[in-house]
Amino acid sequence: MALEFALKTKNDIDSLKQILLSKKYEDNERIKNLSASMMALSNFQPSLVTMENITASGDFELISGFEYREKLIDTYNSYQTTSQFEDILSEYVNQYVTPFFFENIRFSDFTFLQNDFIKNPEFENIVIGYDALLAQKLKGYEVTLEKLKRLNELLTIANTK
């Protein structure tokens with residue numbers, strides 16, 4: 001699940017950020033392993049086909065109950081927002097993380113090409129930026145999951161009537 005993967009990555013990035021902010025650069029192996037977490041992205045791909053079909057057909061009035069319609073729209077909007085968070089983080093990795101790593105890390109074994117790059121303020125900034133965007137994405141996952149639960153509860157109630 002994308003949420004679980006993102007939570008594990010957030011934990012890794014929080015640890016890396018702590019190491020960098022406390023200037024404990026001697027743990028190269030741990031820094032190397034935690035840094036690799038920034039290269040892996042979760043894949044959140046919500047299915048929006050049903051909502052797109054309903055919208056395109058103009059048959060929203062066929063969905064009885066204003067509350068149900070409202071929750072359906074709200075849930076799909078949340079899906080789209082969370083997908084945008086995914087795209088923003090992916091773009092950040094492509095624009096900042098990957099180029100920095102290309103200059104400083106051998107990808108075949110993730111060894112450091114320049115041992116002091118971990119002390120570079122640019123690396124610290126990249127980690128802090130990644131952490132902020134990942135936190136935003138996690139919040140999106142959590143909000144979307146909560147909206148989906150409420151929509152499912154409403155559907156369950158409607159189906160028991």
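Would you rank Leu16, Leu3 by solvent-accessible area, highest first, keeping every protein chain in place and using a 1.4 Å probe?
Working: Leu16 0, Leu3 30 Å².
Reading off the accessible areas and sorting them downward yields Leu3, Leu16.
So how strong a dipole does the range 82-132 carry about its Cα centre when Lys and Arg Cβ are +1 and Asp and Glu Cβ are -1, to the nearest 20 debye?
Details: 2 positive and 9 negative charges, 33 e Å.
Using only the charged Cβ atoms, the result is roughly 160 debye.
The values are calculated or read from the model by the stated rules, or taken from the named source; none is laboratory data. Source: prediction; values computed, not measured. Ideal geometry is used to build each Cβ from the backbone, glycine not excepted, and the neighbour counts take in all protein chains shown. Each accessible area value is taken on the protein alone, full model and side chains, heavy atoms only, with ligands, DNA and RNA left out. Shrake-Rupley method; radii C 1.70, N 1.55, O 1.52, S 1.80 Å.
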